[in-house]
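Remarks on the structure that follows.
Since every read-out is calculated from the coordinates, none of them should be taken as a lab result. Since the structure is predicted, the reported quantities are computational estimates derived from the model, not experimental observations. Reconstructed Cβ throughout: ideal geometry from the backbone, glycine too, with neighbour counts over all protein chains shown.
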Amino acid sequence: MKKIIKTIEYWVKDQVGVAAVEAALIFPVLLIMFIGLFDLGSGILASQKTIRASQVVVDLVTRSRVVNSGDIDEAINAGSLAYLPMSSENFGVDIVSIRFDEDSVPEIVWRETRNMTPQDDVFDAIESLAEPGGGVVMVSAKYKFEPLFAGFVVDEIDMNERAFGRGRRGAVVERE
């Protein structure tokens, strides 16, 4: 027992002991900060990849005057590849081709939605893009980001992004 008391007294008087105690108190805080920064960086990367995925899909769909199911599948696959090396299983996409009549009234020509619910506010989103006799393709991309370490504090985070494009070879992108 005397030996234990002497050891404790030595640790209290010695600066090395004080430094060890301070390190033991600070280390968990620094570890939590590091883990939080890792998850924050991963979340920002997932957000950027969602933006890129929506842009890739709209770019590929608007290249042709008429698209078929294979073209749409390839565009969606390319959008999911934008997430590499992250998993793309939480990636969803809603592609809408819209035509405007002579009075700029919008009409949905075709729509393809995968792994997410269709967006309700399509006409509100493209209102400022209306032009008589024109058209637009809107792609909504959604990604559910699941933090690796902070999952016990924060559940999954929905990342949503929209991209708009006009047909390159015609006013409206049709579907076979």
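Relative contact order of the chain, please, whole-number percent, based on alpha carbon pairs below 8 angstrom and at least 6 residues apart.
27 percent
Mind sorting L81, L60 by how few other Cβ atoms lie within 10 Å of their own Cβ, fewest first?
The order, fewest Cβ neighbours first, is L81, L60.
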### Query
For helix 2-13, what angle does its Cα long axis make with the longest principal axis of the chain, in degrees from 0 to 90 and rounded to 10?
60 degrees
### Task
On a C-alpha basis, how far is the centre of the stretch 43-108 from the centre of the stretch 117-135 in Å? Whole number, if you could?
15 Å
### Message
Which one, G70, G135, G92, has the greatest fluctuation when you compute a Gaussian network model over the chain with C-alpha springs under 10 angstrom?
### Response
G70
### Message
If you fit an axis through the alpha-carbon atoms of helix 15-61 and take the longest principal axis of the Cα set of the chain, what angle between them do you get, 0 to 90°, nearest 10?
### Response
10 degrees
### Proxy reagent accessibility, fewest Cβ within 10 Å first, across E89, E161
E89, E161
### Query
What does the chain give for Rg and for Dmax, in Å, if only its C-alpha atoms count?
26.7, 97
### Burial ordering of I35, I8, fewest other beta-carbon atoms within 10 Å first
I8, I35
### Query
By how many degrees, between 0 and 90 and to the nearest 10, does the Cα long axis of helix 69-81 differ from the longest principal axis of the chain?
20 degrees
### Message
For a test of understanding, tell me how many lysine pairs in the chain have Cα atoms under 18 Å apart, given they are 8 or more places apart or on different chains.
### Response
4
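Just to confirm a number: summing +1 for Lys and Arg and -1 for Asp and Glu over residues other than D101 whose beta-carbon lies under 15 angstrom from that of D101, what do you get?
Values: positive: R99; negative: E102, D103, E107, E127, E131.
Once all neighbours under 15 Å are counted, the net charge is -4.
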### Message
Please list the three semi-axes, largest first and in whole Å, of the ellipsoid equivalent to the stretch 84-128, using sqrt of 5 times the eigenvalues of its alpha carbon gyration tensor.
### Response
28, 10, 9
### Query
Within the chain, what is the longest stretch that has no trypsin sites (Lys or Arg not before Pro) placed in a DSSP loop and near at most 11 other beta-carbon atoms within 10 Å?
1-167
